[in-house]
Amino acid sequence: MKIIHLTDLHLVAPTRKLFALDPLEHFKAAIASINLNHFDAELVLISGDLVDQGETEAYIALKEALKSLKIPYALGMGNHDNRAHLQSVFPELPQDDNGFVQYAIKTSGGTFIMLDTAKEGSHAGELCTKRLAWLSHTLEKHSDQDIFIVLHHPTVETGIRFMDSIKLQDVEAFANIVKKHNNIRHLFFGHVHRPITGNWQGISFSLMPSLNHQVALNLEIDAKRLPGSHEPPAYGVVIIEEQSLVVHFNYFMQETRKYFMHGNSASAQSFAQLDHEIELQQRDDLQQTMKDY
Ligand SMILES: [Fe+2]
């Protein structure tokens with residue numbers, strides 16, 4: 001089974017930019033890339049910070065853009081989201097009995113659990129007793145299936161101190177629930193705006209870059225300042241099999257040369273030579289296609 005993981009769209013009101021970038025343009029480019037190259041994916045996870053300031057008009061732009069996505073999607077809450085505004089624009093979005101944006105989605109490869117870690121008035125993550133009780137109950141209900149949990153705030157410290165200071169605050173309580181279940185296969189995080197993988201409590205996790213602006217890899221700077229960067233956006237292409245889970249980071253907006261590594265491309269000593277090789281390869285490809293035809 002293939003799924004796609006997007007995070008931290010940070011959409012703003014149309015016509016506005018964020019850190020001199022256009023989040024809506026990036027999101028539309030991601031959708032076009034997914035529709036073209038990954039239309040066989042079963043689900044697109046979007047793990048929070050859907051918009052930058054919780055603005056209703058940004059959620060309306062999100063809904064409008066999602067109309068062109070050819071694959072079912074699951075929206076989650078982040079610290080930049082506004083629950084009431086999100087729910088007013090997406091009234092069909094499932095919620096738990098307490099109004100949190102938490103729900104389970106069945107797929108052919110198992111069940112995905114979307115958690116709502118947003119905390120009113122804070123950028124740090126919260127899983128209050130009500131949300132944890134819902135998680136416990138949901139895990140019990142799906143104990144016979146493979147489980148994948150999607151939460152905006154990571155449980156781990158990444159070494160980027162500002163982001164570490166606003167990670168999930170209730171990690172111990174979350175760990176106590178998770179430890180009771182041996183069918184949790186992977187955690188999907190957002191929030192840090194960087195490509196990161198690792199494991200926590202013996203469970204693998206992956207964290208995608210933002211679709212708009214990134215956090216720079218700076219492990220020295222103190223927690224008072226957050227270093228930004230214009231590294232390119234990426235989304236995750238996740239292949240889930242019975243015995244394995246593979247996460248590809250797809251830098252879909254990065255313009256780069258693409259060539260086959262056989263033939264003379266390795267011996268090119270300049271971009272001009274390499275471009276010439278690429279042209280020859282494309283000509284070969286065309287001739288092969290014509291022959292096959
Ligand atoms: Fe974010």
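The values are calculated or read from the model by the stated rules, or taken from the named source; none is laboratory data. Owing to the predicted nature of the structure, the values given are computational and were not obtained by experimental measurement. Every residue, glycine among them, receives a Cβ derived from its backbone with ideal geometry; neighbour counts consider all protein chains shown.
At a glance:
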| quantity | calculated |
| --- | --- |
| Selection from the range 271-284 of residues that are modelled with pLDDT of 90 or more, within 30 Å of residue 233 (Cβ to Cβ) and not aliphatic (A, V, I, L, M) | 271, 275, 277, 279 |
| Residue count for the range 168-195, restricted to those that are within 16 Å of the ligand (Cβ to nearest atom), part of a loop (DSSP other than H, G, I, E, B) and either of a type in the set (S, T, N, Q) or surrounded by 21 or more Cβ atoms within 10 Å (Cβ to Cβ) (or both) | 4 |
| Within the range 21-65, tally of residues that are under 15 Å from the mean Cα position of the chain (by Cα), more than 16 Å from the ligand (Cβ to nearest atom) and closer than 17 Å to residue 86 by Cβ | 1 |
| Residues located in the range 135-167, provided they are within 16 Å of the ligand (Cβ to nearest atom) and in a helix (DSSP H, G or I) | 162, 163, 164, 165 |
| Complete set of residues in the range 196-219 that are buried (at least 20 other Cβ atoms within 10 Å of the Cβ), in contact with a Ser or Thr (Cβ under 9 Å, 6 or more places away or on another chain) and part of a loop (DSSP other than H, G, I, E, B) | 208, 209, 210, 211, 213 |
| Some residue of the range 85-107 being surrounded by 17 or more Cβ atoms within 10 Å (Cβ to Cβ), more than 17 Å from residue 152 (Cα to Cα) and either at pLDDT below 95 or within 16 Å of the ligand (Cβ to nearest atom) (or both) | no |
| First in the range 15-34 and within 15 Å of residue 67 (Cα to Cα) and free of Cβ contacts under 8 Å to residues at least 40 places away in the same chain, second anywhere and polar (S, T, N, Q) and surrounded by fewer than 15 Cβ atoms within 10 Å (Cβ to Cβ), Cβ under 9 Å, 6 or more apart | 31/68; 32/68 |
| Flag if residue 272 is more than 30 Å from residue 74 (Cβ to Cβ), surrounded by 13 or more Cβ atoms within 10 Å (Cβ to Cβ) and not assigned by TED's automatic domain parsing to the domain that holds residue 22 | no |
| Any hit, the range 221-236, residues being aromatic (Phe, Trp, Tyr) and within 14 Å of the ligand (Cβ to nearest atom) | no |
| Sole residue being out of contact with any Gly (no Cβ under 8 Å at 6 or more places or on another chain) and surrounded by fewer than 17 Cβ atoms within 10 Å (Cβ to Cβ), chosen from 39, 27, 19 | 39 |
| Residue in the range 262-269 that is assigned to a helix (DSSP H, G or I), of a type outside the set (S, T, N, Q) and not assigned by TED's automatic domain parsing to the domain that holds residue 128 present | yes |
